[in-house]
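Below is one structure; the comments refer to it alone.
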Amino acid sequence: MLRQLVPLAVAAGAFAVACAPDTPAALRTGRDVYGDNCSSCHGDSGGGGVGPSLENVLATWPSCGDQIEWITLGSSRWKVVHGTTYGANETPIGGVMPGHDETLSPDEIAAVAAFERVQYGGGDEATELAACGIDD
């Protein structure tokens, strides 16, 4: 049975996503990390804003490991290590994605990547948790 995260409408556009009671802890952590660190650029519902939409996150990042590296490094350090494009579709880096390795733990980065892949990319919970290296 696929457990779904359910978006909730909230007053004043504040970020909130309710989780089913049996949602894995890592996805609940990822939801909280997303709300605190990512929603201001990628939107409360992952639809984009200053940063791109996360609706195609699975196509952009077929490998969760690559997505985790992107979140960890951010665009400036990604350019140094990998060049001026990102993702499987080699999108030119145009904006500024901050690196999160100084503000988030590796477990939090993996959790937010898994959350984005499930909530916005439509990935299967168990598949994406495993792909992101999470045993939950």
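When HIS82 is tested against the conditions (1) open to solvent by 60 Å² or more (accessible area, probe 1.4 Å); (2) out of contact with any helix residue (DSSP H, G or I) (no Cβ under 9 Å at 6 or more places or on another chain), the lone failure is (2).
When restricted to residues that are within 15 Å of the chain's Cα centre (by Cα) and assigned to a loop (DSSP other than H, G, I, E, B), region 69-102 contains 6. The number of residues in region 20-43 being surrounded by 19 or more Cβ atoms within 10 Å (Cβ to Cβ) and either assigned to a loop (DSSP other than H, G, I, E, B) or over 11 Å from the mean Cα position of the chain (by Cα) (or both) comes to 6. Among residues of region 46-59 that are closer than 21 Å to ASP124 by Cβ, those with a beta-carbon under 6 Å from a residue that is small (Gly, Ala, Ser) and exposed (fewer than 13 other Cβ atoms within 10 Å of the Cβ) at least six positions away or on a different chain give the pairs SER53/GLY47. If you check GLU125, GLU90, GLU116 for being within 15 Å of VAL57 (Cα to Cα) and open to solvent by 80 Å² or more (accessible area, probe 1.4 Å), only one passes: GLU90.
The residues in region 47-73 that are surrounded by fewer than 18 Cβ atoms within 10 Å (Cβ to Cβ) and closer than 18 Å to GLY94 by Cα can be counted, and the count is 7. For region 20-43, filtering for residues that are at pLDDT 95 or above and either more than 13 Å from ALA113 (Cα to Cα) or out of contact with any helix residue (DSSP H, G or I) (no Cβ under 6 Å at 6 or more places or on another chain) (or both) leaves 13.
The values are calculated or read from the model by the stated rules, or taken from the named source; none is laboratory data. Everything numeric in this text was worked out from a predicted model, so none of it was measured. Quick reminder, even Gly has a Cβ in these numbers, built from the backbone with ideal geometry, and neighbours come from all protein chains shown. These area figures cover heavy atoms from the full protein model, side chains too; ligands, DNA and RNA do not enter into them. Shrake-Rupley method; radii C 1.70, N 1.55, O 1.52, S 1.80 Å.
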